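A short write-up of the structure that comes next.
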Amino acid sequence: MFPVLQIGSLAVQVPGLLLLVGLWIGLSAAEKHAPKFGLHPDPLYKLVLAALLSGIIGARLFYVARFPAPFLANPVDFLSLNPGLLDPAGGLAAALIGALLTGQRLGMRLFPTLDALVPFFAVLQIATGFSNLSSGNAYGYSTDLPWAVSLWGAARHPSQVYQILAGSLILWQFWPRKRVVESLPPGTFFFQFVTVSSFAWLFLDAFREDSPAFSNGIRTFQVVAWALAAAGMAAWYLLQKTNRRRTNG
Amino acid sequence: MWHFPLGLILLAFGLVWIGASRKPPGHVGSGGISAPRAGFLAPDFALEDESGGLVQLSDLRGQAVLVNIWASWCAPCRAEMPAMQRVYETMQGSGFTILAVNATHQDSREAALAFAARHGLTFPILFDSDGSVARLYENRALPSSYFIDPDGRIREVVIGGPMAEALLITRVEQLLPGQD
């Protein structure tokens, strides 16, 4: 665990830094392989940048909408750099809207774009694992397994390492190889990735002690992962069916 | 096509896994383990305040507490203190207090007291002369803030600063009983 890197009087938040590095590597990988999906790298870069910016602005706007009173009293806090003043769900929604609007403006085709973004998301999954490892977030249940790690007062499942390993396997499996990519109907590559990643998420979340849960103990993230896996699988199936019909017809 | 039935089997297995791996009823955070992070009981400590009296964190159970580790030479620490004072003045009556733990092992008691007097800080200033609290809280950067609920459990850790007043207000409101 290494949450802060102190450089003189500057305290660099290592988890955030690792996420930024992941964003950069993921975006570079997506840009490099974009031509395999029939895309130019530039619009892809603009799309991700627009999603990031709209996500950050949206996250702050949603937070302010949820708790308006302190911001009305101190309007300057709207510009605060505190990440705690961001609403993650609102940010995600705003990032999606920003990406959709930008994609539309740039005339990008939806399915090839989603396919081309797979390396970006795959690298980001691994970076999130490293970020959690550095912050100590997403820690596992206590265990007496020989590979347990000592963290937060107990020997625990190294859940962050599980996340990194699963992410690495998924990245290896979904590295855009020309032969594989060209054999799939557009969109299939992305929905396969969503399905496999969601199942991995669903499985691994069970080892986490700090994941949120409903009052009956059912884990929130597992429900979301299951729904994503079902949606990804349905979309994958429908795309293949449509493509087969088109080929036969 | 074999993918479809396999997919359905996997989804069914997913549902079984969700049911099998659900958290036990009444599961709260990490039980009785204390550690300096969200979800755990706040590590207990007792430190001297400016009048020489001993302040023990566990004596403040039932109140929302902000433990802030700071030093007078640290610019972000200095920048967030006025906002902390305003929030303290507003919310003190609702069962909220601040323990400003001065990292005296890398500062001085005189400098800390002079800073507190200059800014009219009225919340308790505690002196961590031997760095024991900094070690207990695995403190790696100044300022570090720990929002602790009335049950003594850390709800959020903020490393670095300065914290905006809006952040302080929203977090403290979430800590206070009946406002979660």
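FYI, it's all coordinate maths here, none of it is from the lab. If you're wondering where the values come from, they're calculated on a predicted model, not measured in any experiment. Cβ sites come from the backbone with ideal geometry, for glycine too, and all protein chains shown count toward neighbours.
Observations on the structure shown:
- Of the strands (runs of 3 or more DSSP E) contained entirely in the stretch B:111-180, those carrying at least 3 residues that are within 8 Å of chain A (Cβ to nearest Cβ) fall at B:154-159.
- Qualifying residue in the stretch A:180-193 (condition: β-branched (Val, Ile, Thr) and under 21 Å from the mean Cα position of the chain (by Cα)): yes
- Taken together, the residues in the stretch B:61-100 that are out of contact with any Gly (no Cβ under 8 Å at 6 or more places or on another chain) and assigned to a helix (DSSP H, G or I) amount to 15.
- The number of residues in the stretch A:83-120 that are within 10 Å of another protein chain (Cβ to nearest Cβ) and either surrounded by fewer than 19 Cβ atoms within 10 Å (Cβ to Cβ) or out of contact with any Leu (no Cβ under 7 Å at 6 or more places or on another chain) (or both) comes to 2.
- From the list A:Pro75, A:Pro43, A:Pro70, the one residue that fits, being within 19 Å of B:Glu165 (Cβ to Cβ) and either surrounded by 14 or more Cβ atoms within 10 Å (Cβ to Cβ) or touching a Ser or Thr at 6+ places or on another chain (Cβ under 9 Å) (or both), is A:Pro70.
- A:Gly58 within 24 Å of B:Ile169 (Cβ to Cβ), surrounded by 15 or more Cβ atoms within 10 Å (Cβ to Cβ) and touching a strand residue (DSSP E or B) at 6+ places or on another chain (Cβ under 9 Å): no
- For the stretch A:222-239, a residue qualifies if it is touching a residue at least 12 places away in the same chain (Cβ under 8 Å) and surrounded by 17 or more Cβ atoms within 10 Å (Cβ to Cβ), and the qualifying residues are A:Gln222, A:Ala225, A:Trp226, A:Leu228, A:Ala229, A:Gly232, A:Met233, A:Ala235, A:Trp236, A:Leu239.
- Residue among B:Asp130, B:Asp59 that is without any contact (Cβ under 8 Å) to a residue 12 or more places away in the chain and either on the phi > 0 side of the Ramachandran plot or out of contact with any strand residue (DSSP E or B) (no Cβ under 6 Å at 6 or more places or on another chain) (or both): B:Asp59
- Members of the stretch A:121-152 found to be part of a loop (DSSP other than H, G, I, E, B) and touching a strand residue (DSSP E or B) at 6+ places or on another chain (Cβ under 7 Å), listed by number: A:Gly136, A:Ala138, A:Tyr139, A:Tyr141, A:Thr143, A:Asp144, A:Ala148
- Check on A:Leu23, under 30 Å from A:Met108 (Cα atoms), out of contact with any Phe, Trp or Tyr (no Cβ under 9 Å at 6 or more places or on another chain) and away from every other protein chain (no Cβ under 14 Å): no
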